[in-house]
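One structure below.
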Amino acid sequence: MNPPETLPGIFIANPRSVLLWDGACGFCAKSVARFQWYARQPVSVIPRQQVADLLPQAVLETMAGQILWISAEGAVYGGSEAMIRALSAAGRGGTATLLRACQPVTRLAYHWVARHRHWFGSPVCALPPER
């Protein structure tokens with residue numbers, strides 16, 4: 001089962017938007033590096049392990065299988081929704097609009113890749129495959 005991509009009612013006090021990712025995953029690290037290269041505007045990216053003790057339990061429960069976007073207002077989004085919002089914040093509104101236009105496919109593809117990231121070669125991802 002995929003974690004929820006929108007966590008209604010969950011807000012985190014944060015002075016700016018931030019993209020949280022799995023710092024223990026090589027595939028995730030490469031993806032974040034590619035994202036930063038593609039970005040036209042800088043976006044704050046932080047490995048989730050660095051801030052896990054500051055996050056509410058409801059957010060922690062969704063972090064294992066997806067990236068998280070925490071907006072400047074403190075709203076939390078995960079998975080493909082987080083990716084779309086991060087791309088938009090990075091000055092890639094065209095790409096974000098395209099991905100949003102085909103959101104069901106984008107969501108399905110995002111969660112398929114997230115579940116199978118271990119397939120992308122060792123030592124790309126240090127996490128074992130989910131059962």
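With respect to Met63, determine if the residue is out of contact with any strand residue (DSSP E or B) (no Cβ under 6 Å at 6 or more places or on another chain), aliphatic (A, V, I, L, M) and under 16 Å from Ser17 (Cβ atoms). It is false that Met63 is out of contact with any strand residue (DSSP E or B) (no Cβ under 6 Å at 6 or more places or on another chain), aliphatic (A, V, I, L, M) and under 16 Å from Ser17 (Cβ atoms). Selection within the stretch 35-58: residues that are farther than 15 Å from Gly93 by Cα and charged (D, E, K, R). The member of this set that is surrounded by the fewest Cβ atoms within 10 Å (Cβ to Cβ) is Asp53. Take the residues in the stretch 31-54 that are in contact with a strand residue (DSSP E or B) (Cβ under 6 Å, 6 or more places away or on another chain) and in a helix (DSSP H, G or I), then tell me which one is nearest to Arg107 (Cα to Cα). Going through the qualifying residues, I end up with Val32.
None of the figures in this text is laboratory data; all of them are computed from the coordinates on show. Remember, predicted model here, so these are calculated numbers, not experimental data. So basically every Cβ, Gly included, is an ideal-geometry build from the backbone, and we count neighbours across all protein chains shown.
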